[in-house]
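Student: Here it is: the structure, laid out below.
The values are calculated or read from the model by the stated rules, or taken from the named source; none is laboratory data. Just so it is clear, the structure is predicted and the values come from calculations on it, not from any experiment. Glycine gets a Cβ as well: all are built from the backbone with ideal geometry, and neighbour counts include every protein chain shown.
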Amino acid sequence: MNIIVCVKQVPSTNEVRLDPETHTIIRDGRQSVINPFDTYGLEEAVQIKERLGGRVTVLSMGIPATERLLRDAMSRGADQGVLLTDKAFAGADTLATSYALSLGVKQIGEYDLIICGKMAVDGDTAQIGPELAETLGLPHIADVKKILSVDETSLTCIKLTDNGEQELQVPLPALITVLKDINMPRLPSITGVEFSLTAPFHSFSADQLAADTSRTGLNGSPTQVVRTFTPERGGEAQEITGSLDEQAAEILNLIKG
Amino acid sequence: MSGLVIDKQKCIGCGLCAGACPASALTMVDDVAQVDQAACVLCGICVDSCPEGAIAIVKESQGNTADYHGVWLFAEQNQGRALPVAFELTAKGRQLADELSTSLTVLLAGGPGIAGEAQALIAAGADRVLVGEDPKLAVNLEENYAAWLDQVVTEGKPEILLFGATGFGRSLAPKLAARWQTGLTADCTVLEIDKQSGLLYQTRPAFGGNLMATIYTPSHRPQMATVRPGVMPYPVLDETRRGEILACPFPQDFSPLVRLLQERQIQAETIADAELIIAVGRGIGNAKNVALARQLAEKLGAALGCTRPLVDTGWCEYKHQVGQTGCAVAPRIYLALGISGAIQHLAGIAGAQTIIAVNSDPEAPIFAQAQYKIVGDCLDVLKALLAQV
Ligand SMILES: Cc1cc2nc3c(=O)[nH]c(=O)nc-3n(C[C@H](O)[C@H](O)[C@H](O)COP(=O)(O)OP(=O)(O)OC[C@H]3O[C@@H](n4cnc5c(N)ncnc54)[C@H](O)[C@@H]3O)c2cc1C
Ligand SMILES: Nc1ncnc2c1ncn2[C@@H]1O[C@H](COP(=O)(O)O)[C@@H](O)[C@H]1O
């Protein structure tokens with residue numbers, strides 16, 4: 001069973017601070033972590049591999065420094081890391097990102113299952129999984145909270161829906177996106193850390209992937225950001241004063257509308 | 001030329017952009033920012049950091065958009081009823097269509113009987129409802145819905161196509177956006193037509209809700225967006241409105257790969273649609289006090305929300321977690337008890353209408369987002385509330 005796990009480097013959101021003057025996000029860009037949702041995808045893939053054998057590949061599109069995070073993933077059970085990194089990938093929206101990732105998947109070759117996180121916490125789009133699946137011509141199941149059974153030919157799982165749950169079965173290859181409920185990610189093991197130092201790591205440029213650069217990065221992105229701004233709140237918060245009972249009564253008034 | 005562009009007239013030489021750039025691609029030369037295009041990764045952080053709006057990411061335009069007309073939206077159903085978000089979208093779509101002097105088409109799909117919902121969507125503002133009524137559409141499954149939508153949308157060529165940002169909408173819309181190779185903006189809270197260009201400006205919270213980003217799709221069609229439920233106002237229905245109802249059959253030669261074995265509908269699993277939320281943070285103190293908050297929520301018919309540390313310590317279940325890695329909520333009233341207001345938590349409450357915050361720390365960041373505040377002990381306030389309901 002060969003599994004590809006898509007992982008994204010995101011700013012470690014603890015570091016996010018607002019500039020009091022410009023009201024913009026201050027990020028030093030150096031502190032980054034694996035997108036939390038992707039760590040669940042990785043753990044799930046490693047657990048499947050431990051049962052069925054095979055290989056887990058972590059795939060990312062990002063800046064060269066992402067290698068550190070892919071090696072971290074290899075210390076937690078992934079067998080190899082593949083990084084797509086090129087100036088031509090910069091400025092990608094979800095469509096251009098999923099195109100690049102689809103080339104990475106083809107480069108990796110044989111696979112049975114692709115796992116993405118539900119969403120990346122920096123963009124919150126949750127679009128890459130379904131878009132990547134469609135670009136590869138694969139079916140997808142989003143928001144998987146439990147895998148009931150899996151082998152080389154099919155996967156059965158529980159998907160969390162807006163109104164409850166669906167139990168679904170899909171022939172492989174396919175793509176799933178996973179929720180936090182699915183497992184408890186492990187910490188790196190000592191042998192894992194040793195392995196990760198020399199583990200197979202491959203980095204590919206747009207050229208090496210024979211990418212059509214009209215479909216990558218800024219050029220391949222149908223959406224563009226017009227502007228960003230800080231959301232306005234109705235000025236200063238109004239203080240609710242008085243005794244505790246008066247305060248409680250005022251809150252209940254607001255609640256009743 | 002595509003890339004990062006600096007308006008040298010607007011640049012005041014403050015250097016904030018150079019300080020913010022994670023790629024060290026910006027330098028100050030003679031008090032004007034200069035970009036090393038080879039080093040720039042187009043992350044956009046400098047664009048946000050510039051107080052003068054002197055930096056932009058631009059790209060050459062392409063594509064042919066003139067053949068696409070009309071505002072369309074997908075009306076999601078559950079168990080044969082169109083969801084509230086379908087009506088919210090219809091009201092918003094009406095407004096957008098009027099601004100563009102074009103018509104509003106609603107795509108309604110579901111199992112046998114779904115056509116019965118069409119008239120209500122017309123009453124909410126639709127000019128035309130295209131109905132896909134088929135047993136294969138009775139349950140929300142992406143492949144079947146994509147097959148039907150692909151057929152009607154490819155033929156009808158709308159300029160705008162909206163989806164509700166429900167779990168299903170956020171899984172279905174990107175599948176179609178990739179098939180049609182067009183842009184899709186997730187989880188929008190504001191939609192407007194830009195007067196000059198006639199393009200759809202889609203605004204969404206980014207970076208945990210402390211920053212809003214306005215996004216557009218200049219040269220691909222349709223312009224697609226998913227819209228957060230509960231954010232657009234629910235319309236007043238006008239039963240006298242008349243419109244067209246057209247049946248569009250499901251493509252019978254289509255068979256999906258994903259197979260539904262079982263579906264369980266569980267009511268009130270999510271607090272996303274709650275109108276009233278009593279939310280607790282670490283300041284609540286202990287699990288016993290959380291139980292008091294739960295009691296208050298039950299008495300008021302409210303949902304219980306919480307911050308992440310409470311889930312981590314097992315005081316609350318994950319389904320109550322509000323924020324970036326939890327649930328995004330849009331209640332009329334959000335009562336925050338002992339919550340500091342970390343950016344990851346605020347990310348989930350950008351859609352809240354009124355925030356009432358109780359915190360013992362007068363400097364707590366939550367107060368900057370709240371409309372009403374009490375500086376004090378949240379347990380005292382909670383007990384006083386319980387005494388009065
Ligand atoms: C990647 C990532 C994702 C995250 N996702 C989320 C998320 O989805 N949701 C989320 O909530 N958090 C999330 N977090 C955690 C977040 O950063 C904060 O740690 C968390 O929101 C803080 O929770 P809190 O306000 O309950 O606790 P604290 O920050 O500890 O605040 C407690 C507050 O209670 C006040 N207080 C103490 N005693 C009293 C009293 N007796 N009466 C009144 N007030 C009192 C204190 O003044 C303080 O302001 C995430 C973090 C990371 C790194
Ligand atoms: N640049 C990227 N490289 C690899 N995987 C990614 C990238 N961006 C997104 N993903 C994957 O897609 C999921 C959803 O991301 P998003 O659509 O950006 O919210 C993430 O959890 C990752 O698994």
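Student: State yes or no: is A:Tyr111 part of a helix (DSSP H, G or I) and more than 12 Å from the chain's Cα centre (by Cα)?
Tutor: On the way: part of a helix (DSSP H, G or I): no; more than 12 Å from the chain's Cα centre (by Cα): yes.
Answer is no for this residue.
Student: Now a separate question. Return the pairs, sorted by first residue and then second, in which the second residue is in a loop (DSSP other than H, G, I, E, B) and of a type in the set (A, V, I, L, M), the first residue lies in the stretch B:323-340 and is within 11 Å of chain A (Cβ to nearest Cβ), the beta carbons are less than 7 Å apart, and the residues are 6+ apart or on different chains.
Tutor: Partner pairs satisfying both residue conditions: B:Gln324/A:Val121; B:Thr325/A:Val121; B:Ala328/B:Ala272; B:Pro331/B:Ala274; B:Pro331/B:Ala352; B:Tyr334/B:Ala352.
Student: Out of A:Leu113, A:Leu69, A:Leu52, which single residue is modelled with pLDDT of 95 or more, among the hydrophobic types (A, V, I, L, M, F, W, C) and away from ligand 2 (no atom under 15 Å from the Cβ)?
Tutor: On the way: A:Leu113 fails: away from ligand 2 (no atom under 15 Å from the Cβ); A:Leu69 fails: away from ligand 2 (no atom under 15 Å from the Cβ).
Unique residue meeting the criteria: A:Leu52.
Student: For a quick check of your reading of the model, give me the residue pairs whose first member lies in the stretch B:368-389 and is not assigned by TED's automatic domain parsing to the domain that holds B:Gly281, whose second is within 16 Å of ligand 2 (Cβ to nearest atom) and outside any helix (DSSP H, G or I), with beta-carbon atoms closer than 9 Å and at least 6 apart or on different chains.
Tutor: Nothing qualifies.
Student: Another question about this same structure. Only one of (1) within 30 Å of B:Ser219 (Cβ to Cβ); (2) more than 9 Å from chain B (Cβ to nearest Cβ) is not met by A:Ser214, so which one is it?
Tutor: So the condition that A:Ser214 fails would be (2).
Student: Quick test for you: out of B:Ala186, B:Ala225, pick the one residue that is crowded, with 24+ Cβ neighbours inside 10 Å and within 8 Å of chain A (Cβ to nearest Cβ). Quick ask: steps written out before the conclusion?
Tutor: Values: B:Ala225 fails: within 8 Å of chain A (Cβ to nearest Cβ).
The conditions single out B:Ala186.
Student: Has the stretch B:334-345 got at least one residue that is more than 12 Å from B:Gly281 (Cα to Cα) and within 16 Å of ligand 2 (Cβ to nearest atom)? Lay out the reasoning, then the answer.
Tutor: Filtering the stretch B:334-345 for residues more than 12 Å from B:Gly281 (Cα to Cα) gives B:334, B:343-344.
Adding the requirement that they be within 16 Å of ligand 2 (Cβ to nearest atom) leaves B:344.
Scanning the stretch B:334-345 turns up at least one residue that is more than 12 Å from B:Gly281 (Cα to Cα) and within 16 Å of ligand 2 (Cβ to nearest atom).
This table checks each residue for (1) among the β-branched types (Val, Ile, Thr); (2) more than 8 Å from chain B (Cβ to nearest Cβ); (3) within 16 Å of ligand 1 (Cβ to nearest atom); (4) within 22 Å of B:Leu260 (Cβ to Cβ).
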position: A:Asp122; (1), (2), (3), (4): no, no, yes, no
position: A:Thr135; (1), (2), (3), (4): yes, no, no, no
position: A:Leu148; (1), (2), (3), (4): no, yes, no, yes
position: A:Ala210; (1), (2), (3), (4): no, yes, no, no
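Student: Only one of B:Ile343, B:Ile356 is in contact with a Pro (Cβ under 9 Å, 6 or more places away or on another chain) and either buried (at least 24 other Cβ atoms within 10 Å of the Cβ) or within 9 Å of another protein chain (Cβ to nearest Cβ) (or both). Can you tell me which?
Tutor: B:Ile343
Student: Given B:Leu108, B:Leu141, B:Leu137, which one is under 17 Å from B:Ala173 (Cβ atoms), within 24 Å of the chain's Cα centre (by Cα) and in contact (Cβ under 8 Å) with a residue 40 or more places away in the chain? Explain how you work it out, then say what you get.
Tutor: Values: B:Leu108 fails: in contact (Cβ under 8 Å) with a residue 40 or more places away in the chain; B:Leu137 fails: within 24 Å of the chain's Cα centre (by Cα).
Checking each option against the conditions leaves just B:Leu141.
Student: Only one of these is assigned to a helix (DSSP H, G or I), touching a residue at least 24 places away in the same chain (Cβ under 8 Å), closer than 24 Å to B:Val190 by Cβ and not assigned by TED's automatic domain parsing to the domain that holds B:Val153: B:Gly305, B:Gly348. Name it. Step through it out loud before you land on a result.
Tutor: Values: B:Gly305 fails: assigned to a helix (DSSP H, G or I).
Testing whether each residue is assigned to a helix (DSSP H, G or I), touching a residue at least 24 places away in the same chain (Cβ under 8 Å), closer than 24 Å to B:Val190 by Cβ and not assigned by TED's automatic domain parsing to the domain that holds B:Val153 leaves just B:Gly348.
Student: Right, next: Test A:Leu175 against the stated conditions and say whether it is more than 7 Å from chain B (Cβ to nearest Cβ), within 12 Å of ligand 2 (Cβ to nearest atom) and not in a helix (DSSP H, G or I).
Tutor: Working: more than 7 Å from chain B (Cβ to nearest Cβ): yes; within 12 Å of ligand 2 (Cβ to nearest atom): yes; not in a helix (DSSP H, G or I): yes.
Considered against the rule, which asks whether it is more than 7 Å from chain B (Cβ to nearest Cβ), within 12 Å of ligand 2 (Cβ to nearest atom) and not in a helix (DSSP H, G or I), A:Leu175 comes out as yes.
Student: Take the stretch A:40-64 and flag every residue that is among the charged types (D, E, K, R), surrounded by fewer than 22 Cβ atoms within 10 Å (Cβ to Cβ) and part of a helix (DSSP H, G or I). Step through it out loud before you land on a result.
Tutor: Taking the stretch A:40-64 and keeping what is among the charged types (D, E, K, R), we get A:43-44, A:49-51, A:55.
Among the residues that remain, those that are also surrounded by fewer than 22 Cβ atoms within 10 Å (Cβ to Cβ) are: A:43, A:49-51, A:55.
Those that are among the charged types (D, E, K, R), surrounded by fewer than 22 Cβ atoms within 10 Å (Cβ to Cβ) and part of a helix (DSSP H, G or I): A:Glu43, A:Lys49, A:Glu50, A:Arg51.
Student: Are any of the residues in the stretch A:65-84 outside any helix (DSSP H, G or I) and within 14 Å of B:Ala178 (Cβ to Cβ)? Let's see the steps before the verdict.
Tutor: Of all residues in the stretch A:65-84, those outside any helix (DSSP H, G or I) come to A:76-84.
Within this subset, residues satisfying the condition of being within 14 Å of B:Ala178 (Cβ to Cβ) are none.
No: zero hits.
Student: So A:Val105 ticks every box in (1) at the interface with another protein chain (Cβ under 9 Å from one of its Cβ atoms); (2) away from ligand 1 (no atom under 16 Å from the Cβ); (3) within 18 Å of the chain's Cα centre (by Cα) but one. Which box is left unticked?
Tutor: With respect to (1) at the interface with another protein chain (Cβ under 9 Å from one of its Cβ atoms); (2) away from ligand 1 (no atom under 16 Å from the Cβ); (3) within 18 Å of the chain's Cα centre (by Cα), A:Val105 is out only on (1).
To keep it simple, each residue is scored yes or no on (1) surrounded by 16 or more Cβ atoms within 10 Å (Cβ to Cβ); (2) modelled with pLDDT of 95 or more; (3) of a type in the set (D, E, K, R); (4) part of a loop (DSSP other than H, G, I, E, B).
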| site | (1), (2), (3), (4) |
| --- | --- |
| B:Leu176 | yes, yes, no, no |
| B:Leu191 | yes, yes, no, no |
| B:Tyr201 | yes, yes, no, no |
| B:Pro218 | yes, no, no, yes |
| B:Asp238 | no, yes, yes, yes |
| B:Phe250 | yes, yes, no, yes |
| B:Ser255 | no, no, no, yes |
| B:Gln262 | no, yes, no, no |
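Student: With the requirement that a residue be part of a loop (DSSP other than H, G, I, E, B), surrounded by 19 or more Cβ atoms within 10 Å (Cβ to Cβ) and away from chain A (no Cβ under 14 Å), what does the stretch B:135-158 give you?
Tutor: The one that is part of a loop (DSSP other than H, G, I, E, B), surrounded by 19 or more Cβ atoms within 10 Å (Cβ to Cβ) and away from chain A (no Cβ under 14 Å): B:Pro158.
Student: Of everything in the stretch B:376-389, what is more than 7 Å from every other protein chain (Cβ to nearest Cβ) and within 12 Å of ligand 1 (Cβ to nearest atom)? Give them in sequence order.
Tutor: B:Gly376, B:Asp377, B:Cys378, B:Leu379, B:Leu382, B:Lys383
Student: Of everything in the stretch B:315-352 that's touching a Lys or Arg at 6+ places or on another chain (Cβ under 7 Å) and at pLDDT 90 or above, which residue is nearest to ligand 1 (Cβ to nearest atom)?
Tutor: Only one residue tops the list, namely B:Gly338.
Student: Could you grab me the full set of residues in the stretch A:85-94 that are within 11 Å of ligand 2 (Cβ to nearest atom), within 8 Å of another protein chain (Cβ to nearest Cβ) and not in a loop (DSSP other than H, G, I, E, B)?
Tutor: A:Thr94
Student: Next question. Report, by residue number, each residue of the stretch B:288-302 that is small (Gly, Ala, Ser), touching a strand residue (DSSP E or B) at 6+ places or on another chain (Cβ under 9 Å) and without any contact (Cβ under 8 Å) to a residue 60 or more places away in the chain. Give the steps one after another, and end with the answer.
Tutor: Within the stretch B:288-302, the first condition is being small (Gly, Ala, Ser), and the residues that meet it are B:291, B:293, B:297, B:301-302.
Okay, now just the ones that are also touching a strand residue (DSSP E or B) at 6+ places or on another chain (Cβ under 9 Å), so B:293, B:297, B:301-302.
Correct list: B:Ala297, B:Gly301, B:Ala302.
Student: Could you tell me which of the residues B:Gly183, B:Gly164 is under 22 Å from B:Arg128 (Cα atoms) and assigned by TED's automatic domain parsing to the domain that holds B:Pro218?
Tutor: Details: B:Gly183 fails: under 22 Å from B:Arg128 (Cα atoms).
Criteria check complete, one pass: B:Gly164.
Student: Being farther than 16 Å from B:Phe168 by Cα and at pLDDT 90 or above is the filter; apply it to the stretch A:121-137 and report the residue that is farthest from ligand 2 (Cβ to nearest atom).
Tutor: So the first thing to find is which residues in the stretch A:121-137 are farther than 16 Å from B:Phe168 by Cα, and the list is A:121-123, A:132, A:135-137.
When the remaining residues are screened for being at pLDDT 90 or above, the result is A:132, A:135-137.
Working: A:Leu132: 7, A:Thr135: 12, A:Leu136: 13, A:Gly137: 18 Å.
It comes out as A:Gly137.
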